[in-house]
Structure formats: structure tokens, C-alpha cells
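**Student:** Handing you this structure, nothing more for now.
The values are calculated or read from the model by the stated rules, or taken from the named source; none is laboratory data. Keep in mind that this is a model prediction, so the values were computed, not measured. Positions of Cβ are backbone-derived with ideal geometry, glycine not excepted, and every protein chain shown enters the neighbour counts. Only protein heavy atoms, including side chains, enter the accessible area calculation; ligands, DNA and RNA are left aside. Shrake-Rupley method; radii C 1.70, N 1.55, O 1.52, S 1.80 Å.
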Amino acid sequence: TAERATGVPTSFILGQAALESGWGRGEIRHADGAPSFNLFGIKATGGWRGAVAQAGTTEYEAGTPVRKTEAFRSYGSYAEAFTDYARLLSASPRYADAVREARSPEGFASAMQRAGYATDPQYASKLARTINQTLALQRALT
């Protein structure tokens, strides 16, 4: 599992997937409507050699939101997406602090923002809030 590969709690991973995909309602799709299975909003950069889906996104440049079309990674399944996310967090020195800070939603979220996972200046607070929502749901279900 992604938790086992990274040490990041499943609720944090699901919280990030929920935030990035709008709780599954805003999943990145190909031009023909086929799913990309990219729940994490991972862009097709850094030597990505797999399939790609083009999608509109809002990036913040000097604090100003700018709409752009970007290339995002596309996967054959959700399992592939979770495996790639886990690989990204565990193999990239860029996210080492986030993995270490995964003791609290706020620590993890702040470290993800510092690492540049997203350009939204409010990303850390949004991610922490969504992770806390997933934790509440998890508690309610157990």
C-alpha cells in the first residue's frame, strides 16, 4: 500500500486525493472523456514517459491565479496512481520533510506546500482541512 511504501498515514493520502480531485468529482480526463485515474494532480514532468492527459488548471504566479492547460500523468488504474504517488513521495528528496512531518495533518500539509507540491498559497490550510475531514470520516466509520 501507499502507506507502507511512504510511512504517510492512509488518511493523509486519501485526504490529498480528495483535495486534488474534488472528492472524485474533478478527476482529470482525456479529451475523449476517458479517465486518467490521476487523483493526485501529478503533472507529467521530470522525465515522465507514460501516458498524458491535458487539462485546465489554476496555477499561482507571484500570488496571482492564472488559468493554464497542463500535461498530467495518466494511469491505467487507480492502483497505478497510488503506486506512483507513493514512489514520488518516498523517492524524491523534495518530499522527505513531508514524509517526516506526517505525524500531524498540519505538519504534513505545510511540508507539502514548502516542497512545492502545489502553487496555491492556501494549499497547506486546504490540505490540512481535507485530511482532518478524512480522519473524521474514518472515526465515524469505525
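**Student:** Taking the conditions exactly as written (of a type in the set (V, I, T), over 18 Å from S11 (Cβ atoms) and in contact with a strand residue (DSSP E or B) (Cβ under 6 Å, 6 or more places away or on another chain)), does T45 satisfy them or not?
**Tutor:** Criteria not met by T45.
**Student:** Name the residue, out of G107, G63, G116, that is farther than 23 Å from P9 by Cα and free of Cβ contacts under 8 Å to residues at least 60 places away in the same chain.
**Tutor:** G63
**Student:** If you take the residues in the range 66-92 that are of a type outside the set (G, A, S) and touching a residue at least 60 places away in the same chain (Cβ under 8 Å), which one is farthest from G15 (Cα to Cα)?
**Tutor:** For the range 66-92, the residue satisfying everything is R87.
**Student:** Still on this model: I need the full set of residues from the range 103-119 which are in contact with a helix residue (DSSP H, G or I) (Cβ under 7 Å, 6 or more places away or on another chain) and either within 16 Å of L135 (Cβ to Cβ) or among the aliphatic types (A, V, I, L, M) (or both), in order please.
**Tutor:** Once the filter is applied, which keeps residues that are in contact with a helix residue (DSSP H, G or I) (Cβ under 7 Å, 6 or more places away or on another chain) and either within 16 Å of L135 (Cβ to Cβ) or among the aliphatic types (A, V, I, L, M) (or both), the range 103-119 yields P105, E106, F108, A109, A111, M112, A115.
**Student:** In addition: Can you confirm whether A44 is in contact (Cβ under 8 Å) with a residue 12 or more places away in the chain, open to solvent by less than 70 Å² (accessible area, probe 1.4 Å), farther than 23 Å from T130 by Cα and under 15 Å from the mean Cα position of the chain (by Cα)?
**Tutor:** Yes.
**Student:** Taking only pairs six or more apart or across chains, which ones have beta-carbon atoms under 6 Å, a first residue in the range 19-31 that is in contact (Cβ under 8 Å) with a residue 12 or more places away in the chain, and a second residue that is open to solvent by less than 50 Å² (accessible area, probe 1.4 Å) and in a loop (DSSP other than H, G, I, E, B)?
**Tutor:** Between residues of the range 19-31 that are in contact (Cβ under 8 Å) with a residue 12 or more places away in the chain and residues that are open to solvent by less than 50 Å² (accessible area, probe 1.4 Å) and in a loop (DSSP other than H, G, I, E, B), the close pairs are E20/F40; E20/G41; S21/E27; S21/L39; I28/S36; I28/N38.
**Student:** For T64, are the conditions met, namely being under 18 Å from the mean Cα position of the chain (by Cα) and farther than 24 Å from R87 by Cα?
**Tutor:** no
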